[in-house]
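Okay, structure first, notes after.
The values are calculated or read from the model by the stated rules, or taken from the named source; none is laboratory data. No experiment lies behind these values; they were computed from the predicted model shown. Cβ sites come from the backbone with ideal geometry, for glycine too, and all protein chains shown count toward neighbours. Just so you know, the surface numbers come from the protein's heavy atoms only, side chains and all, with ligands and any DNA or RNA stripped out. Shrake-Rupley method; radii C 1.70, N 1.55, O 1.52, S 1.80 Å.
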Amino acid sequence: MLKKLAPFLLFLGCLLVANLQTSPVSALEAGDVVIQLEPAEQDIALNPGETFSGIFKVQNVGRLGFDFTLSTRPFQVLNDEYEPDFSTENNYTLLKNWISFPEESYHLEPGAEVEVSYLVDVPLDVPAGGQYAAIVVETRDTIDESSFFHTIGQVATILYGEVAGESRHVGELTDHHLPKILFGQPLSASMTVKNSGNTDFRVTHQLSVYDFFTGNEAFSAETVDADGKKLGTATPRVMPGNERSNILTWTGAPKLGVFKVVQTVSFLDQNYTFEQIVVLCPIWLVGGVVFLIILMIVWLILRARSRKRGRPQAF
């Protein structure tokens, strides 16, 4: 039975492909074959009729050496959550056709790194605006050569290109939200920006929180976590023809308090500031207050009835 299934299993094994990653690190097997790219994304300025030369590093941070090859893919996003799309081709993904490599295959030993060069030959008659592509680093090495399953490892660096010319930078703030009262939920500020132009741009989204009574800053755009990452500031990129939403959350907010919350959104030449007084109140406290109010109402009703019964009757 196993002999009959072996060809089928081998076929399935050859088709087992790891998902394309845009994060810096991707592993075929934990700790054995690990590829890291620097940088994970690049902004490049392109001129019609000229050649752009770029580089990035491929690093082997695993335990085994591997061979890898280079290829290109289109790059777009699927929704305002910005799930990467490496298959859709349109007028914004012509860039993949202009990229070439002086060398297309390499070998990398554990702990080593190599600088990979690429060329972008921009045609003369291309439209101005954004062009997007992914350079894919792929290895077909396996840990066990006798295994039926050969896993293909892929990781990519994203190129955000802008072709010189009459670029249209057009953006619109389509939504924003600050809460007024929260019953135990985290304090968050959200915004959505739409890009109606022909090239990408970044949005600066910031959140600041001040104690309503003292004016002291409780959370700011410069607040960082243990890793040094800013919690009160984000700079998401908005692709042409897409919307981009972002949420900033005040981690560690108290359960009870009154605060002035300020949200700022800046992109292109537009700046927006929104302020809101926010009350933080735990749900148990709300329930306790409601119970006391109901108890007071019942007491008043009973007292009123008691007084009515105690009044002398007129004959």
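With a Förster radius of 45 Å, plug the Cβ-Cβ distance of Thr249 and Ser117 into 1/(1 + (r/R0)^6) and report the FRET value to the nearest 0.05. Before the final figure, lay out the partial values.
Details: r = 41 Å, r/R0 = 0.92.
According to the calculation, E is roughly 0.65.
List the residues whose amide H sits under 5 Å from the amide H of Asp32, counting only those 5 or more places along or on another chain, with H placed 1.01 Å from N in the peptide plane.
Arg63
Full-extension gain between Asp269 and Glu172, please, as 0.36 nm times their residue separation minus the C-alpha to C-alpha distance.
Values: separation 97, 0.36 × 97 = 34.92 nm, distance 1.09 nm.
Value of the extension gain: 33.8 nm.
Suppose the chain between Leu78 and Leu295 were pulled fully straight at 0.36 nm per residue; how much longer would it get relative to their current alpha carbon spacing?
Computed gain between Leu78 and Leu295 is 72.7 nm.
Please turn the phi angles of segment 97-102 into ³J(HN,Hα) values with the Karplus equation 6.51 cos²θ - 1.76 cosθ + 1.60 (θ = phi - 60°), one per residue in order, whole Hz, x for glycine and proline.
Each residue's phi maps through the Karplus curve to give 7, 9, 8, 9, 10, x Hz.
Per residue of segment 200-217, what does 6.51 cos²θ - 1.76 cosθ + 1.60 with θ = phi - 60° give for ³J(HN,Hα)? Whole Hz please, x for Gly and Pro, Karplus curve as stated.
6, 8, 9, 10, 9, 10, 9, 9, 10, 10, 10, 4, 5, 8, 9, x, 5, 7
Ranked from the most accessible area to the least, with a 1.4 Å probe and all protein chains present, what is the order of Lys308, Lys260?
Of Lys308, Lys260, the descending order of accessible area is Lys308, Lys260.
Would you mind getting the Kirkwood hydrodynamic radius of segment 183-256 from its Cα pairs, rounded to one decimal in Å?
It works out to 13.9 Å.
Under 14 Å from a point placed 7 Å out from the Cα of Asp32 along the Cα-to-Cβ direction: which residues of segment 44-66 have their backbone N that close?
Flagged as within label range: 62-66.
If I model a spin label at Gln276 and Thr235 as a point 7 Å from the Cα along the Cα→Cβ vector, what separation in nanometres do I get?
2.6
Whose amide H sits under 5 Å from the amide H of Arg168, counting only residues 5 or more places off or on another chain, with H placed in the peptide plane?
Amide H neighbours of Arg168, under 5 Å, 5+ apart: Asn198, Thr199.
If we restrict to alpha carbons, what Rg and Dmax does segment 59-130 come to, in Å?
Cα radius of gyration and Dmax of segment 59-130 are 16.0, 47 Å respectively.
Reachable aspartates and glutamates from Lys260, Cα under 14 Å, same-chain residues fewer than 8 places away excluded?
The reachable aspartates and glutamates, counting only those whose Cα sits under 14 Å from Lys260, are Asp211, Glu217, Glu275.
Return the sequence-ordered ³J(HN,Hα) values of segment 110-126 in whole Hz as given by the Karplus equation 6.51 cos²θ - 1.76 cosθ + 1.60 applied to θ = phi - 60°, using x for Gly and Pro.
Once rounded to whole Hz, the list reads x, x, 9, 9, 9, 8, 9, 9, 9, 10, 10, 8, 7, x, 6, 9, 8.
When only alpha-carbon atoms count, how far does segment 83-220 stretch along each of its three principal axes, as whole angstroms with the largest first?
Projected onto the principal axes, the Cα atoms of segment 83-220 cover 67, 48, 27 Å.
How would segment 194-299 be classified by its alpha-carbon gyration tensor: rounded, prolate or oblate, with rounded meaning a/c under 1.5 and the a/b versus b/c comparison settling the rest?
prolate
Hey, rough spin-label estimate for Ile55 and Phe183, points 7 angstrom out along Cα→Cβ, what's it come to in nanometres?
My value for the distance between the label points is 6.0 nm.
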